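The values are calculated or read from the model by the stated rules, or taken from the named source; none is laboratory data. Not measured: the values here are computed from a predicted model. Because the Cβ atoms are built from the backbone with ideal geometry, glycine has one as well, and the counts that use them run over all protein chains shown. What goes into the accessible areas is simple: the full protein's heavy atoms, side chains included, and nothing from ligands, DNA or RNA. Shrake-Rupley method; radii C 1.70, N 1.55, O 1.52, S 1.80 Å.
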Amino acid sequence: MQANTPLQEEALNAIRFLSADAIKKANSGHPGLPMGTAAMAYTLFTKHMRYNPANPKWADRDRFILSGGHGSMLLYSLFYLTGYEEMTMEQLKTFRQVGSLTPGHPEYKHTAGVETTTGPLGQGLATAVGIAMAEAHLAATYNTEVEKIVDHYTYVIASDGDLMEGVTSEASSLAGHLGLGKLICLYDDNHITIDGRTDIAFTEDRGKRYEAYGWQVLHVADGNNISEIDRAIQAAKADPRPSLIICKTVIGFGFPTWADNPAAHSGIPSDEELDGAKKALGYPVEPHFYVSEEVLAHYREALTRGSQAETEWKKKFDDYRQKQPDQAREFERVMAGDLPENWQDSVPTFPADARGLATRAASGKVLNALAKELPELIGGSADLAGSNSVKLDNQASFQKENYSGRNIHFGVREHGMGAINNGLTQHGGLRSFVATFFVFSDYLRPALRLAALSGIGDIWVFSHDSIMVGEDGPTHQPIEHLNSFRAMPNVALLRPADANETAEAWKVAVERKDAPTILALTRQAVPTLDRQKFASAEGLRKGAYVLADLGEGPTDLVLMASGSEVDLIVKAGQVLAEEGVSVRLVSFPSLELFDKQTKEYQDSVMLPGVKARLAVEAGSSLGWHRWVGADGALITLDRFGASGPAEELLVEFGFTVENVLEKSHKLLAG
Ligand SMILES: Cc1ncc(C[n+]2csc(CCOP(=O)(O)OP(=O)(O)O)c2C)c(N)n1
Ligand SMILES: [Mg+2]
């Protein structure tokens with residue numbers, strides 16, 4: 001195998017020592033990964049990737065994901081070297097400082113060029129599967145035989161930890177099934193994690209595992225050899241399967257005593273260690289942050305290559321536009337994340353109906369109406385598509401043979417599904433949704449948290465949202481889930497009370513382009529409220545709204561509830577009004593959205609002067625005290641549920657009109 005040229009060696013050292021110097025200056029960070037993977041990154045960024053540092057958002061760029069986010073300095077060094085405008089030397093020198101563009105782990109939407117937030121191991125590679133699926137779907141949807149306007153690779157560098165995490169197994173298994181040939185993962189096989197050598201805990205044959213998933217597995221014996229890596233990437237591109245390139249590397253390559261040692265993972269090198277590495281690799285010890293003009297010029301060729309590639313693509317797109325103006329317009333619209341005019345007109349309204357329907361069923365109808373107007377809507381379920389009501393009628397399945405399908409079968413892989421949801425939407429051009437039973441949201445929470453943290457407008461449909469699951473018992477009955485997601489910043493959890501609130505909830509979810517939305521939906525039927533008698537379901541947008549004031553005179557009692565429990569307060573309210581009580585009914589589908597309203601609006605709904613207040617929700621009490629006050633009462637559930645017919649459980653746990661009446665009477669008695 002051809003040896004690296006002197007210029008290439010110096011270029012690798014520039015990555016290594018920009019990274020190590022920045023970490024040394026910050027007195028914080030992880031030098032081992034950038035030192036060991038410099039050649040993998042160099043080969044990608046100088047020989048393979050089509051990207052334009054001058055326009056990090058160019059639609060058809062190759063995507064690069066550093067799954068081992070702890071190696072963030074690798075990414076920042078590359079951005080500086082290849083000429084991303086905002087990534088100045090100053091930014092490298094303020095690594096890990098408040099307000100810098102160089103946070104400890106790469107953050108999407110914070111630093112141009114970062115395609116996804118990484119740090120929790122495994123999420124990067126799993127999200128990359130979603131990004132590759134988005135590419136495959138958009139290519140199948142928009143490309144013609146002649147103009148391939150969507151045609152890019154998704155590259156990943158993954159670490160041992162990434163391959164140990166279950167989420168990558170789930171996502172990689174699906175990627176293999178789907179034959180995502182443009183997904184290429186370089187595995188930093190350095191045999192080291194924090195606690196020691198991988199043989200203390202990770203000894204299976206990773207290659208065989210990925211082969212079994214249906215991936216092409218390639219080996220690079222010397223992870224510092226550029227031509228060997230280059231050849232493997234070429235082979236990866238040539239094969240129709242996703243590829244895992246197992247690169248034998250040395251963590252902290254160059255450090256005199258820390259190379260091939262866990263100390264290099266996140267140790268701050270002493271002067272001797274850092275200077276020793278520079279000397280050993282033939283790099284100037286001083287000044288720190290040194291890059292020769294020749295090396296910088298070599299990397300900055302990326303700007304010329306990138307602008308040429310983007311110009312060529314623009315030409316291709318112009319030709320495409322000439323022949324397919326409507327398709328071109330739509331492609332531009334979805335890539336910009338804009339909604340078509342009058343998209344809301346398709347959303348159905350539901351007539352009053354005392355028997356009603358489950359909000360999951362209403363959701364299915366609304367989703368299908370929206371999907372006709374919004375080709376960017378794509379998604380599916382973790383093997384519960386029917387139960388979750390997320391099947392798109394008259395749409396094909398997304399499969400290897402048909403990437404234009406919009407029904408994704410995730411299999412029973414919630415965590416992988418969550419990360420893929422992020423990738424699908426993050427790619428651009430799509431708005432994705434995923435679904436499972438609410439209780440199993442626990443299995444995908446880490447991905448949802450990243451969606452919230454990095455401002456991804458994907459949609460999470462969780463049906464079977466309470467103990468009303470019934471006979472399946474406490475393993476299947478969510479309790480703390482509503483409030484646990486309410487505690488998560490940047491998430492809007494919407495728990496609609498009836499079909500019309502469900503329609504409104506979907507509109508809100510589609511409009512929330514920069515943050516995830518959860519729809520918590522019932523398994524069981526709930527009445528569709530008569531909106532002539534009760535306020536419009538548009539009130540959902542404000543989080544809570546007055547459904548009705550029943551009875552005469554000043555309000556004696558405020559009853560509030562979310563989702564299926566709204567029916568209880570409506571029925572109880574009617575009885576109380578007949579008894580002469582003046583009662584206000586508040587539908588409270590989203591605590592987060594209500595929290596965002598003005599104090600005036602909040603007070604106008606909540607009437608804080610009224611002491612008799614009751615909240616009803618079939619979930620934990622946490623958070624509700626704020627709205628009922630010190631004198632208020634709650635009908636909530638601070639224990640696990642039980643197996644039994646749903647109707648009996650409601651009686652057992654007090655979710656009955658009788659109990660609402662009893663509690664109300666007590667409150668009114670003072
Ligand atoms: C989900 C998750 N668990 C734990 C960690 C803490 N952590 C950061 S890196 C790492 C393992 C390091 O080993 P490896 O992935 O091989 O990276 P290397 O040390 O080789 O750079 C761990 C446990 C994390 N970032 N994410
Ligand atoms: Mg490792």
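Annotations
- With respect to (1) open to solvent by 10 Å² or more (accessible area, probe 1.4 Å); (2) touching a helix residue (DSSP H, G or I) at 6+ places or on another chain (Cβ under 7 Å), the lone exception for LEU174 is condition (1).
- In the stretch 170-221, of all residues being more than 16 Å from ligand 1 (Cβ to nearest atom) and among the hydroxyl-bearing types (Ser, Thr, Tyr), the one that is nearest to GLY32 (Cα to Cα) corresponds to TYR210.
- On the stretch given as the stretch 149-169, residues that are over 22 Å from ASN225 (Cα atoms), within 16 Å of ligand 1 (Cβ to nearest atom) and among the acidic types (Asp, Glu) total 2.
- Of VAL510, VAL469, VAL461, all but one fail to be more than 19 Å from LEU444 (Cβ to Cβ) and outside any loop (DSSP other than H, G, I, E, B); the exception is VAL510.
- Flag if ALA132 is within 16 Å of ligand 2 (Cβ to nearest atom) and crowded, with 23+ Cβ neighbours inside 10 Å: no
- Counted residues, the stretch 526-535 - those being buried (at least 19 other Cβ atoms within 10 Å of the Cβ), out of contact with any Phe, Trp or Tyr (no Cβ under 9 Å at 6 or more places or on another chain) and not aromatic (Phe, Trp, Tyr): 3
- For TYR283, the stated conditions hold: it is over 25 Å from HIS48 (Cα atoms), more than 16 Å from ligand 2 (Cβ to nearest atom), touching a residue at least 24 places away in the same chain (Cβ under 8 Å) and among the aromatic types (Phe, Trp, Tyr).
- Number of the exception - PRO478 against (1) open to solvent by less than 10 Å² (accessible area, probe 1.4 Å); (2) assigned to a loop (DSSP other than H, G, I, E, B); (3) over 25 Å from LEU444 (Cβ atoms): (3)
- One residue alone among ILE246, ILE226 is more than 16 Å from ligand 1 (Cβ to nearest atom), open to solvent by less than 20 Å² (accessible area, probe 1.4 Å) and either free of Cβ contacts under 8 Å to residues at least 60 places away in the same chain or more than 11 Å from MET35 (Cβ to Cβ) (or both), and that residue is ILE226.
- Complete set of residues in the stretch 191-223 that are surrounded by 16 or more Cβ atoms within 10 Å (Cβ to Cβ), away from ligand 2 (no atom under 12 Å from the Cβ) and either modelled with pLDDT under 95 or of a type in the set (Ser, Thr, Tyr) (or both): TYR210, TYR213
- Residue count for the stretch 329-355, restricted to those that are under 17 Å from GLU373 (Cβ atoms) and among the small types (Gly, Ala, Ser): 3.
- Residues in the stretch 26-75 that are more than 16 Å from ligand 1 (Cβ to nearest atom) and part of a helix (DSSP H, G or I): ALA26, TYR42, THR43, LEU44, PHE45, THR46, LYS47, HIS48.
- Residue within the stretch 49-60 that is open to solvent by less than 10 Å² (accessible area, probe 1.4 Å) and touching a His at 6+ places or on another chain (Cβ under 7 Å) present: yes
- Candidates GLU565, GLU579, GLU538, filtered to the one that is closer than 24 Å to PRO351 by Cβ, open to solvent by 10 Å² or more (accessible area, probe 1.4 Å) and at pLDDT 95 or above: GLU538
- Residue check for LEU66: over 24 Å from ALA280 (Cβ atoms), in contact with a strand residue (DSSP E or B) (Cβ under 7 Å, 6 or more places away or on another chain) and within 16 Å of ligand 2 (Cβ to nearest atom): yes
- Scanning the stretch 179-190 for residues that are more than 17 Å from MET164 (Cβ to Cβ) and open to solvent by less than 30 Å² (accessible area, probe 1.4 Å) returns GLY179, LEU180, GLY181, LEU183, ILE184.
- Looking only at residues in the stretch 648-667 that are without any contact (Cβ under 8 Å) to a residue 24 or more places away in the chain and not hydrophobic (A, V, I, L, M, F, W, C), the one that is least open to solvent (accessible area, probe 1.4 Å) is GLY654.
- In the stretch 437-455, residue farthest from ligand 2 (Cβ to nearest atom) [restricted to those that are out of contact with any strand residue (DSSP E or B) (no Cβ under 6 Å at 6 or more places or on another chain) and within 15 Å of ALA385 (Cα to Cα)]: PHE437
- Only a single item in (1) within 16 Å of ligand 2 (Cβ to nearest atom); (2) farther than 24 Å from ALA221 by Cα; (3) over 25 Å from the mean Cα position of the chain (by Cα) is not met by SER72, and it is number (3).
- Residues being open to solvent by less than 40 Å² (accessible area, probe 1.4 Å) and assigned to a loop (DSSP other than H, G, I, E, B) are represented in the stretch 323-338 by at least one member.
- The numbered conditions (1) open to solvent by less than 80 Å² (accessible area, probe 1.4 Å); (2) over 30 Å from THR46 (Cα atoms); (3) in contact with an Asp or Glu (Cβ under 9 Å, 6 or more places away or on another chain) are all true for PRO351 except (1).
- In the stretch 61-92, residue nearest to LYS148 (Cα to Cα) [restricted to those that are out of contact with any Ser or Thr (no Cβ under 9 Å at 6 or more places or on another chain) and surrounded by fewer than 18 Cβ atoms within 10 Å (Cβ to Cβ)]: GLU85
- All of (1) under 28 Å from PHE253 (Cβ atoms); (2) of a type outside the set (Phe, Trp, Tyr); (3) without any contact (Cβ under 8 Å) to a residue 60 or more places away in the chain hold for ASN190 with one exception: (3).
- The residues on offer are GLU272, GLU310, GLU301, and the sole one that is surrounded by 13 or more Cβ atoms within 10 Å (Cβ to Cβ), assigned to a helix (DSSP H, G or I) and not hydrophobic (A, V, I, L, M, F, W, C) is GLU310.
- Yes/no for VAL250 being under 19 Å from HIS30 (Cβ atoms) and out of contact with any Ser or Thr (no Cβ under 6 Å at 6 or more places or on another chain): yes
- Count of residues meeting criterion [touching a Phe, Trp or Tyr at 6+ places or on another chain (Cβ under 6 Å), farther than 30 Å from ASP318 by Cα and more than 15 Å from ligand 2 (Cβ to nearest atom)] in the stretch 147-190: 3
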